[in-house]
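> Sharing a structure below in structure tokens format, with a few things to ask.
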Amino acid sequence: MVPLKSGMFSDTGYRMRENIFYKYDNYAPWGTVTTQKFYDVELFSSDSIPVTDEYPVLVEMYIRVKVDSIGHSRKVYAMMDWLGSIGGIRDVLMEMLSAFFGGYCAFNATLQTFGKMSVLELKDDGSGEIMSEE
């Protein structure tokens, strides 16, 4: 706490630091980056100096720009990132295709197998003769 009374002088300095915020906000892999600048202020120095009663100033404050800057970034977790995290894009696509087309492929293979098999033709007396399809 700075005592503000006659005979005391407060010298306070602040620094403004540049912050750069990089935003990767697109869900598609070909997205763009937007940049936003903002500043934060930090207390650099504060001194209380005894002066004579004739000194007319109680407080002197100065704000300067700091030479360093901070970079922040944010990236949206896109669909391709999610597919890569759960096991790879190729494996996920194969599972999805087998779920959609697997039933049809199995049904078609069963029909083709039965169509190529030999057929048993029964006669009236109960005896059978194997007829192969050509």
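> Can you give me the number of residues within the stretch 20-38 that are touching a helix residue (DSSP H, G or I) at 6+ places or on another chain (Cβ under 6 Å) and at pLDDT 90 or above?
Residues that pass the stated criteria total 0.
> Scanning the stretch 7-19 for residues that are under 33 Å from the mean Cα position of the chain (by Cα) and not polar (S, T, N, Q), which turns out nearest to Met79 (Cα to Cα)?
Among those residues, the one meeting the criterion is Glu18.
> Could you grab me the full set of residues in the stretch 53-77 that are of a type in the set (A, V, I, L, M) and part of a loop (DSSP other than H, G, I, E, B)?
Selection gives Val57, Leu58, Val76.
> Turning to a different aspect of this structure: Name the single residue that is farthest from Asn26 (Cα to Cα) among those in the stretch 75-134 being at pLDDT 70 or above and polar (S, T, N, Q).
Thr113
Per-residue answers, yes or no, for (1) over 32 Å from the mean Cα position of the chain (by Cα); (2) over 30 Å from Gly84 (Cα atoms); (3) not assigned by TED's automatic domain parsing to the domain that holds Asp81:
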residue: Phe21; (1), (2), (3): no, no, yes
residue: Asp25; (1), (2), (3): no, no, yes
residue: Val33; (1), (2), (3): no, no, yes
residue: Lys37; (1), (2), (3): no, yes, yes
residue: Ser48; (1), (2), (3): yes, yes, yes
residue: Glu54; (1), (2), (3): yes, yes, yes
residue: Met61; (1), (2), (3): yes, yes, yes
residue: Lys66; (1), (2), (3): no, yes, yes
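> Could you tell me whether Phe44 is of a type outside the set (A, V, I, L, M), without any contact (Cβ under 8 Å) to a residue 60 or more places away in the chain and touching a Lys or Arg at 6+ places or on another chain (Cβ under 7 Å)?
Answer is yes for this residue.
> On to the next question. Within the stretch 47-68, how many residues are without any contact (Cβ under 8 Å) to a residue 40 or more places away in the chain and over 10 Å from Gly13 (Cα atoms)?
Number satisfying all stated conditions: 3.
The values are calculated or read from the model by the stated rules, or taken from the named source; none is laboratory data. Predicted, not measured: the structure shown is a model, and the values here were computed from it. Note that we place each Cβ from the backbone using ideal geometry, even for glycine, and neighbour counts take in every protein chain shown.
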